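The values are calculated or read from the model by the stated rules, or taken from the named source; none is laboratory data. What you see is a predicted model, and the numbers here were worked out from it, not measured in a lab. Because the Cβ atoms are built from the backbone with ideal geometry, glycine has one as well, and the counts that use them run over all protein chains shown. Keep in mind that these areas ignore ligands, DNA and RNA; they rest on the heavy atoms of the full protein, side chains included. Shrake-Rupley method; radii C 1.70, N 1.55, O 1.52, S 1.80 Å.
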2 protein chains.
Amino acid sequence: MATEVKQSPRERLLEAAATLTYRDGVGIGVEALCKAAGVSKRSLYQLFESKDDLLAASLEQRASAFVVTLLPAANDGRSPRERILHVFEQVELQAGAPEFRGCQYLAVQIELKDQSHPASQVAHRVKGNLTAFFRSEAEQGGASDPDLLARQLSLVFDGASARAGIGADNLTGLIAPTVATLLDAADMP
Amino acid sequence: MATEVKQSPRERLLEAAATLTYRDGVGIGVEALCKAAGVSKRSLYQLFESKDDLLAASLEQRASAFVVTLLPAANDGRSPRERILHVFEQVELQAGAPEFRGCQYLAVQIELKDQSHPASQVAHRVKGNLTAFFRSEAEQGGASDPDLLARQLSLVFDGASARAGIGADNLTGLIAPTVATLLDAADMP
DNA sequence: ACCTTCGTAAACCGATCGGTTTTCTTTTCG
DNA sequence: CGAAAAGAAAACCGATCGGTTTACGAAGGT
């Protein structure tokens with residue numbers, strides 16, 4: 001039983017917004033968004049309050065895909081250390097793709113420069129969730145300072161995806177040893 | 001003897017471009033730039049080819065201030081380890097300022113999303129210079145893998161300033177132990 | 001004093017911005 | 001089938017974009 005093959009205008013708009021905003025930035029015009037989604041501007045403004053609202057909603061929807069792609073399954077048999085390393089393996093994997101441009105949640109916040117923008121707040125929450133995941137695993141794994149380790153891992157996550165996104169580093173042979181060093185220093189087996 | 005107290009239109013434009021672009025993003029209009037600089041659009045386009053050219057030139061000029069602020073003096077008596085730590089102390093210091101928005105060179109590259117843009121290329125070079133500084137100090141300090149260490153430190157630099165810039169972390173108690181851990185792991189005394 | 005140079009202010013250009021409205025076609029459902 | 005709702009296409013709105021041009025005032029050197 002397949003899920004609907006046909007996407008609703010709403011779904012097409014959300015997908016187009018996520019894709020084009022990621023590629024071209026939040027400055028992308030609504031005209032281009034509508035064209036890519038095959039949806040009229042009229043429909044857009046019936047479904048969403050504004051372009052900002054659409055952007056926030058598209059980030060919100062992508063959040064689930066974001067965690068599904070990066071995070072390990074809820075209770076696989078692996079150790080917290082392995083589960084943390086899994087996240088960074090995924091990052092390195094994604095960074096290999098030619099269209100990779102870094103973490104979209106970080107990019108949106110940097111581009112908007114307005115913490116009160118609805119899309120910025122969604123991005124802030126998503127990033128907070130990732131840090132919370134790291135902290136939870138750190139506690140589970142008996143890290144000496146779970147909070148510090150979670151912040152360090154988040155820092156590496158953002159630094160790595162940002163530098164890969166701007167072409168400053170290709171990450172090969174970089175993330176794994178860095179994360180391992182931090183985990184070791186936190187006495188996390 | 002003081003340098004000219006009066007700034008030329010060129011200098012005022014470069015400063016306004018750096019300041020306003022950092023605060024509002026590269027999407028800032030030329031009208032606003034001219035107004036802030038107290039310079040007419042006519043003069044702008046006599047002094048610079050285009051807005052993109054002005055942006056690139058302003059980043060170029062700020063590059064020297066960037067290194068002067070962050071990097072230690074050429075041959076102070078300190079050890080490479082201390083000289084590296086000095087950079088991160090400066091970052092943590094800057095991040096405390098309320099108007100801090102992260103590294104402007106990273107922000108410009110993320111906002112432009114175009115590696116061939118003249119301003120992106122300036123930013124790329126500046127970032128490369130910082131990595132080169134780290135590598136040079138790492139070699140001087142006898143790090144086991146100077147190239148790896150330099151990439152790790154650049155990653156921490158960008159991750160830290162980005163996360164501080166978007167308000168995801170205030171960096172207190174984070175950078176120093178992280179950098180120390182990486183230096184230790186590289187056997188750099 | 002004169003003329004040239006430099007620079008500001010402001011009008012102007014076509015294009016595009018986010019957003020609204022009108023018109024016409026397609027779909028849906030009783 | 002026929003009415004009603006949905007949606008696409010496109011004209012339209014005022015504002016603003018990057019960039020050009022015109023017109024006029026304030027210097028500067030001789």
Report summary line: Shortest first and in nm, the label-point separations between A:GLU89 and its counterparts in the other identical copies (7 Å out along Cα→Cβ) come to 4.1
Query - Cβ-defined net charge surrounding B:GLU139, 12 Å radius [Lys, Arg +1; Asp, Glu -1] - result: -2
Requested in this report: Check each of the GluC sites (Glu not before Pro) in the stretch A:47-138 and keep only those in coil by DSSP with at most 10 other C-beta atoms within 10 angstrom; list them in order.
Outcome: A:GLU99
Requested in this report: Go through the stretch A:71-79 residue by residue and turn each phi into a ³J(HN,Hα) via Karplus (6.51, -1.76, 1.60, θ = phi - 60°); whole Hz please, and just put x for glycine and proline.
Outcome: 7, x, 4, 3, 10, 5, x, 6, 6
Query raised in the report: Using a label position 7 Å from Cα in the Cα→Cβ direction, what is the ascending list of nm distances from A:ASP53 to the same site in the other copies?
Result: 4.4
Report task. Obtain the radius of gyration and the Kirkwood radius of the stretch B:114-162 from its C-alpha atoms and give Rg over Rh. Result -> 1.07
**Report entry** the stretch B:50-185: Cα Rg divided by the 2.2 N^0.38 Å rule of thumb
**Finding:** 1.06
**Report entry** For the stretch B:42-59, Karplus couplings with θ = phi - 60° (6.51, -1.76, 1.60), whole Hz, Gly/Pro x
**Finding:** 3, 5, 3, 7, 7, 8, 9, 4, 7, 4, 4, 5, 4, 4, 4, 5, 5, 5
Requested in this report: Please list the radius of gyration and Dmax for the protein assembly as shown, considering alpha-carbon atoms only, with Å as the unit.
Outcome: 22.1, 82
Query raised in the report: Considering the dipole of the stretch A:50-185 built from charges on the beta carbon (Lys and Arg +1, Asp and Glu -1) around the Cα centre, which of A:PHE134, A:SER144, A:PHE66 is farthest to its positive end?
Result: A:PHE66
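Using only alpha carbon pairs under 8 Å that are at least six residues apart, calculate the relative contact order of chain A and give it in whole percent.
Values: 199 pairs, mean separation 39.5, N = 189.
Reported relative contact order: 21 percent.
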Query raised in the report: Anyone know which of A:LEU153, A:LEU93, A:LEU130 comes out most mobile in the 10 Å Cα GNM of chain A?
Result: A:LEU93
Query raised in the report: Looking at the stretch B:63-128, which trypsin sites (Lys or Arg not before Pro) are DSSP coil and have at most 13 other C-beta atoms within 10 Å of their C-beta?
Result: B:ARG78
Report summary line: Chain B to chain A by rotation: the residue of B with the beta carbon nearest the axis and the rounded distance in Å are B:GLY159, 1
Query raised in the report: Chains A and B: how much accessible area gets covered up at their contact, both sides added, probe 1.4 Å, in Å² to the nearest hundred?
Result: 3200 Å²
Query raised in the report: Of all accessible surface on the stretch A:50-185 at a 1.4 Å probe, what whole percent is carbon and sulfur?
Result: 51 percent
Query raised in the report: Leaving out same-chain residues fewer than 8 places away, which aspartates and glutamates sit with a Cα under 18 Å from that of A:LYS113?
Result: A:ASP24, A:ASP52, A:ASP53, A:ASP158, B:ASP24, B:GLU99, B:GLU111, B:ASP158, B:ASP169
Query raised in the report: Taking the Cα centre of the protein assembly as shown as origin and charging only Cβ (+1 Lys, Arg; -1 Asp, Glu), how large is the dipole, in debye to the nearest 20?
Result: 1180 debye
Query raised in the report: Distances from B:THR69 to the same residue in each other copy, label points 7 Å out along Cα→Cβ, in nm, shortest first?
Result: 3.3
Report summary line: For the stretch B:167-181, Karplus-derived ³J(HN,Hα) couplings (6.51, -1.76, 1.60; θ = phi - 60°; whole Hz; x for glycine and proline) come out as x, 7, 7, 9, 6, 5, x, 10, 5, 3, x, 5, 5, 4, 4
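To the nearest 0.05, how large is the calculated FRET efficiency for A:ASP53 and B:LEU93 if R₀ is 25 Å and r is the Cβ-Cβ distance? Can you show the working numbers first?
Values: r = 38 Å, r/R0 = 1.53.
Once rounded, the FRET efficiency stands at 0.05.
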Report summary line: On the formula 1/(1 + (r/R0)^6), with r taken between the Cβ atoms of B:LYS41 and B:ASN75 and R0 of 41 Å, the FRET efficiency rounded to 0.05 is 0.35
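Might you tell me the accessible area per residue for the stretch A:50-185, computed with a 1.4 Å probe and given in Å²? Mind dumping the intermediate values first?
Numbers: 5370 Å² over 136 residues.
Result: 40 Å² per residue.
If you count, for every residue in A:150-156, the Cβ atoms of partner chains within 10 Å of its Cβ, what is the mean? Could the numbers behind the result be given before it?
Details: counts 0, 11, 7, 0, 5, 14, 5.
Mean shielding by partner chains, rounded to a whole number: 6.
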Report task. For every other residue with a beta carbon closer than 11 angstrom to the beta carbon of B:LYS51, add +1 if it is Lys or Arg and -1 if Asp or Glu, then tell me the sum. Result -> -3
Report task. Return the single residue from B:PRO146, B:PRO80, B:PRO98 with maximal mean-square fluctuation; model: Gaussian network over chain B, springs between Cα atoms under 10 Å. Result -> B:PRO98
